[in-house]
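The values are calculated or read from the model by the stated rules, or taken from the named source; none is laboratory data. Not measured: the values here are computed from a predicted model. Note: ideal-geometry Cβ built from the backbone for every residue, glycine included; neighbour counts use all protein chains shown.
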Amino acid sequence: MKQVLFIDRDGTILVEPEDEQIDSFEKFQFVPGVIRNLHFIRTHLDFELVMVSNQDGLGTDSYPEHSFWPTHNLMLQTLKGEGIEFDDILIDRSFPEEHLPTRKPGTGMLTKYMQGDYDLANSYVIGDRQTDAQLAVNLGCKSLILSDELDWNRIAEILFAGERTASVRRTTKETDIDISLCLDGTGKSDISTGLGFFDHMLEQIAKHGSIDLKIHVKGDLNVDEHHTIEDTGIALGECIGKALGDKRGIERYGYTLPMDDCLCSVALDFGGRPWLVWDAEFHRERVGDMPTEMFLHFFKSFSDAARMNLNIKAEGENEHHKIEGIFKALARSLKMAVKRDIYKYQLPSSKGML
């Protein structure tokens, strides 16, 4: 069955001006990255490309037809010169108040794609508005909506290599842990371990690593904190390793940062060989409600489960700053190491495996 990319025009392929009318060459401008990535999609993937656009009153006196087509044709000619041609171009010319079924998010123009020959569940609407997202819902397909976090580079990456998401459920007699994450997120977090300071540290991984992260833990805190912290490290490492998949295209290596009086270094390698080097001393028994002896234990469990080489060093006087700096440096190292380049989609190893 065929898969389709239903692509909006204004705001998605061409930059949409304030008056929402690209009716002169002065207003003609491609969205950054669109040509390069549409070419990549066209040459590397097997999607049909269908342009679906609302153009208010096109062809009426209020929006003369002749003002639209020169810029539209220039767009098509430019894209064709770069090897990008659309399989179908569908333009609705009605006004919003007419409420015609052909107007997005209505599916009236797309009835042939709703037949049995098309795999809509694995097709996408690519746009820049909520109406584009709603069109995807109405069609029964997925949506990719342009935003500050989702540009054309990221769209091409998702289409080519998939979203790097994973979840792990780890249940023992001592803990019940549910973790899910997206390595290519925006830093959203939902953390609940029963230990406030530990939650705060795990939130740093999400925020500074641009990882969407959910961690829910029920542990035997009536005994002590050991099992909760250790098992969370194991489950989080497993989840990151699972999300990385075959690791093709990743940078692999990863960061040093200061935090007030402290200098914290976290270097890592997703090379498949777990190892921890720990050079950080703590002189308080606890920071918040977290025992300082568990810091090393967490990172050892984490590096073992993720099969990563982890080298951690922290210098400074303030215990809170040292451990928070370590977690932030870990987050930045992860962000650097998991960065993926679909234009260099190779395994980052001379061995041929990681």
- prompt: If you scan segment 1-42, which residues turn out to be under 24 Å from Met114 (Cβ atoms), surrounded by fewer than 18 Cβ atoms within 10 Å (Cβ to Cβ) and touching a helix residue (DSSP H, G or I) at 6+ places or on another chain (Cβ under 7 Å)?
  reply: Gln3
task: State whether one or more residues within segment 86-96 are within 17 Å of Lys2 (Cα to Cα) and either surrounded by 16 or more Cβ atoms within 10 Å (Cβ to Cβ) or of a type in the set (Lys, Arg) (or both).
output: yes
statement: Filtering segment 101-141 down to residues that are over 14 Å from Asp8 (Cα atoms) and aromatic (Phe, Trp, Tyr) yields Tyr113, Tyr118
- request: Name the single residue, out of those in segment 267-288 being in contact with a Lys or Arg (Cβ under 7 Å, 6 or more places away or on another chain) and assigned to a strand (DSSP E or B), that is surrounded by the most Cβ atoms within 10 Å (Cβ to Cβ).
  value: Asp269
- prompt: What pairs can you find where one residue is in segment 84-100 and of a type in the set (Phe, Trp, Tyr), the other is part of a strand (DSSP E or B) and modelled with pLDDT of 90 or more, and their Cβ atoms are less than 7 Å apart, with a gap of 6+ or different chains?
  reply: Phe86/Leu49; Phe86/Val50; Phe86/Met51
- prompt: Considering Leu330, Leu334, Leu296, Leu347, which residue is part of a helix (DSSP H, G or I) and surrounded by fewer than 18 Cβ atoms within 10 Å (Cβ to Cβ)?
  reply: Leu296
Odd one out for Ile312, checked against (1) part of a helix (DSSP H, G or I); (2) of a type outside the set (Asp, Glu); (3) touching a helix residue (DSSP H, G or I) at 6+ places or on another chain (Cβ under 7 Å); (4) surrounded by fewer than 23 Cβ atoms within 10 Å (Cβ to Cβ): (1)
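For segment 243-262, which residues satisfy the criterion of being in a strand (DSSP E or B) and surrounded by fewer than 16 Cβ atoms within 10 Å (Cβ to Cβ)? Before the answer, list the steps.
Step one: filter segment 243-262 for residues in a strand (DSSP E or B), giving 250, 253, 256-259, 262.
Tyr253, Thr256, Pro258, listed by residue number.
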task: Can you tell me which residue within segment 309-322, out of those that are in contact with a strand residue (DSSP E or B) (Cβ under 6 Å, 6 or more places away or on another chain) and not charged (D, E, K, R), is nearest to Phe197 (Cα to Cα)?
output: His320
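Filter segment 77-92 for residues that are modelled with pLDDT of 95 or more, under 14 Å from Leu14 (Cβ atoms) and not hydroxyl-bearing (Ser, Thr, Tyr) and give the result.
Here is the first cut: in segment 77-92, the residues modelled with pLDDT of 95 or more are 77-90.
Pick out the ones that are also under 14 Å from Leu14 (Cβ atoms) and you get 77-79, 84, 86, 89.
Listed by number, the residues that qualify are Gln77, Leu79, Ile84, Phe86, Ile89.
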message: Every residue in segment 228-248 that is out of contact with any Asp or Glu (no Cβ under 8 Å at 6 or more places or on another chain) and among the hydroxyl-bearing types (Ser, Thr, Tyr), please.
response: Thr232
